Amino acid sequence: MADDTTKTRSNDLLRLHQDPTLLTVVNVWDVITAKVVADVPGTKALATASHSIAASWGYPDGENIPLDLMLDTVGRIAASTELPVSADLEGGYGDAAETVRRAIGLGVVGANIEDQLKPLPEAARQVEAIMKAAEDEGVDFVLNARTDTFHLQRDRDPAANVAESIERGRAYLDAGAPVVFVPAILDEAQVAELVEAFGPQRLTLIGIPGLPTLQRLEELGVARVSYGPLSQNVALTALQELTEDVQRGGGVPGNMRLLN
């Protein structure tokens, strides 16, 4: 059974998704990035990025990092902050409900779980099992039920992907998930169609360049925007640019902040 702190944070994270104010989370991958992001005024929650955590340990994305190492990392992040933490746990590492149960024991109060385009009845049962495990732990767990309709079918007609996202998302909501994650570059009409199908504050997106503005997404009723591995790419770009400048005879930029 989860402790009182975890239960409180789960309630807070669920409320943040249900609030009409758009929740934005810049994804982190270790304790220092969690501290830097958490210290920025206006940050209300943290989310990890599985791709970024795997890369930081030298593993390719796609459940190649050992589960124990992934959970140790997200647990350290959760223990380092007073903010609620949602973890990207990929497809659940073979037993999504058990993986979520273990994550809750480490203080994690939400998670992305990919459907990986499993047959819909199987994927819906997985959502139901995750929410049952969370209920047994006594938390209002924020399962961000991800559908990979666009991610794994990029060459298909976008209208067909929207239709399948709606079918799958509704099934996941019916199975108990509070929100559905559709990672894709979507236009305003597609976002509006998904929000209408799921209801306001039920859709979450990734902040890929090309989406409508954050203000417009809030107006449309989107619950949350996260940034996945893009935040690590931004950080690594800055590191690479520093290295390039050093090779040209330059050095540390004058606007550097002392953050650790």
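Here, each number is a calculation from the coordinates, and none is a lab measurement. All figures in this text were calculated on a predicted structure; none of them were measured in a lab. Note: ideal-geometry Cβ built from the backbone for every residue, glycine included; neighbour counts use all protein chains shown.
Tabulated values for the structure
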| read-out | value |
| --- | --- |
| Relative contact order (%) - criterion: Cα under 8 Å, at least six apart; region: the chain | 21 |
| Within-14-Å neighbourhood charge of A238 [Cβ basis; K, R +1; D, E -1] | -2 |
| FRET E, pair D174, R248, Förster distance 51 Å, beta-carbon r, rounded to 0.05 | 0.35 |
| Projected label distance in nm at D136 and T5, using a 7 Å step from Cα toward the beta-carbon | 2.5 |
| Packing rank of 195-208, 57-70, where each peptide gets the mean count of other beta carbons within 10 Å, highest leading | 195-208, 57-70 |
| Average silhouette area of segment 137-195, convex hull of alpha-carbon atoms, in square nanometres | 4.4 |
| Selected from V234, T73, G249, residue furthest toward positive end of dipole (the chain; charges at beta carbon) | G249 |
| Rounded to the nearest 20 debye, dipole of segment 122-260 from Cβ charges on Lys, Arg, Asp, Glu | 320 |
| Long-range tail of P(r) for segment 60-207 (Cα pairs > 25 Å, %) | 27 |
| Signed unit charges on C-beta, dipole axis of the chain, positive-most listed residue N112, V85, V37 | V37 |
| Calculated diffusion of the chain, Stokes-Einstein form, Kirkwood radius summed over Cα pairs, 10 °C and 1.306 mPa s, µm²/s | 85 |
| Under 18 Å from the Cα of K44 - lysines, other chains or at least 8 residues apart | K7, K35 |
| Cα centroid separation - segment 2-77 against segment 147-193, whole Å | 23 |
| Check: the chain dipole with +1 on Lys, Arg Cβ and -1 on Asp, Glu Cβ, in debye | 420 |
